[in-house]
Amino acid sequence: MDTADTLETRELRYFVAVAEELHFGRAAERLGMAQPPLSRAIQQLERRLGVSLLKRDRRGVSLTGAGEMLLHEGRAALDATAAAARRTRRAGAAATADGSRDRLVLAVKAGAFHELLHKLLDAYAAEPGAAEIEVLPSGMCEQEGMLRDGRADVALMHAPFNSLAGFDSEELMTEGQIAILPAGHPLAARKTLSLAEVGDVPDLPLARWPRHGGYPPGPGPEIHDQTQLAQLIALGRTVAVLPDSARTWLWAEHAAVPLRDAPPVVTHIAWPAHSRSPALASLVRTASRL
C-alpha cells in the first residue's frame with residue numbers, strides 16, 4: 001500500500017487536537033508536548049497527503065475542506081482504535097478469569113425505560129450460557145459515544161435523539177412524547193398540548209440537550225443529567241419534551257401532558273456493525289422476541 005494512503009494513530013491524535021483547539025499552543029499543551037514538533041508533524045502529514053489541512057494566517061488557524069474531512073474521519077478512527085483495545089481487554093479478562101462467563105456492557109440512558117430493561121435482563125438471564133451483563137447508565141445522549149469508543153458493547157438508543165449511523169440495530173418499542181411541566185403551571189391542566197404551545201411559553205423556556213458536542217442556542221438551561229432537569233422543572237425554570245416512559249421518574253411537583261403532534265420515539269438495541277460476539281447475538285435475539 002502506498003504510504004500516502006496510510007495514517008498513524010499518533011498523527012491522527014496530533015491533527016485532531018489541533019483541529020479541535022484551532023491553536024497550536026493549546027493543542028501542544030493538551031498533548032503534553034512542545035509546539036515546534038507538533039507543527040512539524042502536521043506539516044509532514046500535509047505533504048504526505050498532498051493537501052492543505054489548515055489555513056494559517058495572522059488571525060489564527062482554521063480548517064480547510066480537507067481538514068474538516070480528516071477531523072470527522074480521524075475522530076471515528078481514534079474511537080475505533082480505542083474500542084478495539086477496550087473490547088480486547090474485556091475478552092482477555094473473560095478468557096483468563098477462572099470460571100468466568102462472557103461479559104457484555106450495556107449502555108442505557110439513566111432513569112429511562114425501567115420496565116423494558118427489566119424484561120430484557122430477566123429474559124436473557126434465562127437463556128442457556130447467558131453472558132454476564134454490566135448495565136452502564138449514561139448521561140444525556142451519551143450511549144452513542146460509549147458504543148463507538150468501546151466503553152459499551154451494546155446500547156439501548158432512541159431515534160430520533162440518538163444517531164444509529166454505523167451501527168446495526170433492531171427496533172424494540174415505539175412510544176409517544178410528553179411535555180413535563182411544573183405541576184402548578186397553567187398548561188399542566190391541559191389534556192394535550194402541541195409542540196408549538198410548549199415552545200412558546202415566555203416564562204418556561206425549553207430545556208437544552210447536548211447535541212454533537214455542544215448545546216443548541218436558546219434561553220433554556222443546559223441540561224447535564226436527569227436530577228438537574230427534575231429539579232429545574234420542579235422550580236418552574238424549564239419544560240422538557242421526553243418519551244412517555246419518562247413518567248417513571250416524575251416527582252409530585254411535575255405534571256406530564258401528552259403531545260399530540262410530536263414524532264414517535266423508537267427505542268432500538270444497537271451494536272457495532274462489525275461485531276462477531278455470540279453472546280451479543282444471543283442478547284439481540286432475546287431483545288427481538290420481547
Selection within the range 251-286 - in a helix (DSSP H, G or I), under 21 Å from E171 (Cβ atoms) and open to solvent by 30 Å² or more (accessible area, probe 1.4 Å):
A281, R285
Pairs under 7 Å by beta carbon, first residue under 26 Å from D149 (Cβ atoms) in the range 54-82, partner open to solvent by less than 60 Å² (accessible area, probe 1.4 Å) and of a type in the set (D, E), six or more apart or different chains?
D79/D149; A82/D149
Quick check on my filter: what residues within the range 161-187 are open to solvent by 50 Å² or more (accessible area, probe 1.4 Å), under 19 Å from V108 (Cβ atoms) and under 12 Å from the mean Cα position of the chain (by Cα)?
F161
Condition first: over 18 Å from K109 (Cα atoms), among the charged types (D, E, K, R) and in a loop (DSSP other than H, G, I, E, B). Can you find one or more residues in the range 192-199 that meet it?
no
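Residue-by-condition table, conditions (1) open to solvent by 70 Å² or more (accessible area, probe 1.4 Å); (2) at pLDDT 90 or above:
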{"site": "T64", "(1), (2)": "no, yes"}
{"site": "H114", "(1), (2)": "yes, no"}
{"site": "A123", "(1), (2)": "no, yes"}
{"site": "A126", "(1), (2)": "yes, yes"}
{"site": "G139", "(1), (2)": "no, no"}
{"site": "V154", "(1), (2)": "no, yes"}
Could you tell me whether the range 188-209 includes any residue that is within 20 Å of the chain's Cα centre (by Cα) and free of Cβ contacts under 8 Å to residues at least 12 places away in the same chain?
no
Only one residue in L172, L187, L229, L204 is outside any loop (DSSP other than H, G, I, E, B) and farther than 24 Å from T267 by Cβ, so which one is that?
L187
With the first residue restricted to the range 126-141 and required to be within 15 Å of L104 (Cα to Cα), and the second required to be outside any loop (DSSP other than H, G, I, E, B) and open to solvent by 40 Å² or more (accessible area, probe 1.4 Å), Cβ contacts under 7 Å at 6 or more apart or on different chains are A131/R103; E132/R103; I133/L121; E134/R103
From the residues in the range 30-48 that are open to solvent by 50 Å² or more (accessible area, probe 1.4 Å) and not in a helix (DSSP H, G or I), which one is nearest to A77 (Cα to Cα)?
G32
When T248 is evaluated against the numbered criteria (1) surrounded by 18 or more Cβ atoms within 10 Å (Cβ to Cβ); (2) among the β-branched types (V, I, T); (3) modelled with pLDDT under 95, which criterion, by number, is the only one it fails?
(1)
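A quick yes/no check of all residues on (1) surrounded by 10 or more Cβ atoms within 10 Å (Cβ to Cβ); (2) modelled with pLDDT under 95; (3) touching a Lys or Arg at 6+ places or on another chain (Cβ under 6 Å):
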position: M1; (1), (2), (3): no, yes, no
position: A4; (1), (2), (3): yes, yes, yes
position: T9; (1), (2), (3): yes, yes, no
position: R13; (1), (2), (3): yes, yes, no
position: E20; (1), (2), (3): yes, yes, no
position: G25; (1), (2), (3): yes, yes, no
position: A28; (1), (2), (3): yes, yes, no
position: G50; (1), (2), (3): no, yes, no
position: R58; (1), (2), (3): no, yes, no
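The values are calculated or read from the model by the stated rules, or taken from the named source; none is laboratory data. Because the structure is a prediction, the values reported are computed rather than measured. As a convention, Cβ positions derive from the backbone with ideal geometry for all residues, glycine included, and neighbour counts pool all protein chains shown. Heads up: the accessible areas ignore ligands, DNA and RNA and are worked out on the full protein's heavy atoms, side chains in. Shrake-Rupley method; radii C 1.70, N 1.55, O 1.52, S 1.80 Å.
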